[in-house]
1. So what J values fall out for region 45-61 if you push phi through Karplus, 6.51 cos²θ - 1.76 cosθ + 1.60 with θ = phi - 60°, rounded to Hz, Gly and Pro as x?
2. Just want to confirm a number: the relative contact order over the chain, from Cα pairs under 8 angstrom separated by 6+ residues, in percent.
3. Can you compute the charge dipole magnitude of the chain about its Cα centre, using +1 on each Lys and Arg Cβ and -1 on each Asp and Glu Cβ, nothing else charged? Give it in debye, rounded to the nearest 20.
4. Report, by chain and number, residues whose modeled amide H sits under 5 Å from the one on R23, excluding near sequence neighbours (fewer than 5 apart, same chain).
5. So between T27 and V51, what do we pick up on full extension, going 0.36 nm a residue minus the alpha carbon distance?
6. Given (i) 81; (ii) 99; (iii) 149 as candidate values of volume of the Cα convex hull per residue in Å³, which corresponds to the one derived from the coordinates?
7. Restrict the search to the chain; then list the trypsin sites (Lys or Arg not before Pro) that DSSP places in a loop and that have at most 16 other Cβ atoms within 10 Å of their Cβ.
Amino acid sequence: MAYNTNGQPPSNPAVPSAASGWRECGTTDLAGVPLNLSTRIGGDLLTDSDVASSFATRALISAAFGGGAGWNPQP
């Protein structure tokens, strides 16, 4: 397996987006302090709008399940 410059697996697809590939948003350290994500490579930094439109609910997160049939898991 090929690895990028940080020793991590390469993103798949090679150019990530809000819809696919490595994605990250709101990452903090153990004390809750936001991390500086500006040096991340090989991933897409999600905006608040990206999160709201695709990850705000269980149903949105699981919308592609079953060939697009979706799934709404309950706690």
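Every number in this text was worked out from the coordinates using simple rules, so none of it is lab data. The shown structure was predicted, so the numbers you read here are calculated from the model rather than taken from an experiment. Quick reminder, even Gly has a Cβ in these numbers, built from the backbone with ideal geometry, and neighbours come from all protein chains shown.
1. For region 45-61, the Karplus curve yields 8, 6, 8, 4, 5, 4, 5, 4, 7, 10, 9, 6, 9, 4, 4, 5, 4 Hz.
2. Relative CO of the chain lands at 20 percent.
3. Roughly 160 debye for the chain.
4. D44
5. Stretched out fully, the T27 to V51 stretch lengthens by 7.3 nm.
6. Correct label is (iii).
7. Passing both the DSSP loop test and the Cβ count: R40.
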